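Have a look at the structure below before the remarks.
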């Protein structure tokens, strides 16, 4: 990326608009976000609490609901890991959309597999 | 594949999942969550230039990974002792759905354990690079990427644990 584009002695292709370069540059500085120890410790405690919750809830016989509850809690835990441990919360929205897209693709693959099975 | 079989042989999956020790599974979940937190903290430590703390934290992550493997060793060892292992005579006599469950159990946890092995190699390399000063406050991309990989391994386990151990 050419942060000092205006001072360069060679041409930067015009296809990259100025505001995008400034935007990308801002993102580079944004990367240096430091998550404090206490935040990470709190996240860990929440994750452990959710693990305990999921074991307790699945211990009660809720029938078919059990799997749904277990999976919902797992999704919440996964979201927390992605947001804080993997720093997605502090990255640019582009990455958020990309992760969401991949998850959507994953769900689609499972749904399509079910369709394939249903019409056999 | 898990989803289809689970849908098809719901009852068998429930009986088979009873065989799995939810306590060992829960213990391994806790171990992996802690290891994930320590590797995230190691990034903070490197960013702040605290080398010795970063080394301790990556060290904790590595020992947690080892602990996970030891647990898994005893868990699989116990299953094999009971005669439940791929290709065993007992397994063939079981209901079709239970057979599928244990097949998926060994495949999914086995693949996960392989990822743990790879993660341990990556984290060991990172450990020595922090030690030699190649990873420092202004250049820690390798640590960040290693951390991301480790969180992914943790993430997979977060979903495997309820799907295999808690569906009783």
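Annotations
- Per this entry, residue A:95 is not counted among residues that are modelled with pLDDT of 85 or more, out of contact with any helix residue (DSSP H, G or I) (no Cβ under 9 Å at 6 or more places or on another chain) and either surrounded by 11 or more Cβ atoms within 10 Å (Cβ to Cβ) or closer than 23 Å to residue B:149 by Cα (or both).
- Among (1) at pLDDT 90 or above; (2) more than 15 Å from residue B:161 (Cβ to Cβ) - the single one residue A:53 does not satisfy: (2)
- Criterion (farther than 27 Å from residue A:40 by Cα and surrounded by fewer than 18 Cβ atoms within 10 Å (Cβ to Cβ)) met by exactly one of B:167, B:84, B:80: B:80
- Among residues of the range B:25-45 being over 12 Å from the mean Cα position of the chain (by Cα) and more than 19 Å from residue B:120 (Cβ to Cβ), the one that is surrounded by the most Cβ atoms within 10 Å (Cβ to Cβ) is B:45.
- Qualifying residues in the range B:47-68 (those that are touching a residue at least 24 places away in the same chain (Cβ under 8 Å) and assigned to a loop (DSSP other than H, G, I, E, B)) - the one surrounded by the fewest Cβ atoms within 10 Å (Cβ to Cβ): B:49
- If only residues of the range B:134-168 that are in a loop (DSSP other than H, G, I, E, B) and touching a residue at least 40 places away in the same chain (Cβ under 8 Å) are counted, the one that is nearest to the other protein chains (Cβ to nearest Cβ) is B:166.
- Odd one out for residue A:68, checked against (1) within 11 Å of chain B (Cβ to nearest Cβ); (2) modelled with pLDDT of 85 or more: (2)
- Residues that are without any contact (Cβ under 8 Å) to a residue 24 or more places away in the chain and loosely packed, with under 11 Cβ neighbours inside 10 Å do not occur anywhere in the range A:83-90.
The values are calculated or read from the model by the stated rules, or taken from the named source; none is laboratory data. For clarity, every value in this text was computed on a predicted model and none was experimentally measured. Neighbour counts are summed over all protein chains in view; Cβ atoms, including those assigned to glycine, are modelled from backbone coordinates with ideal geometry.
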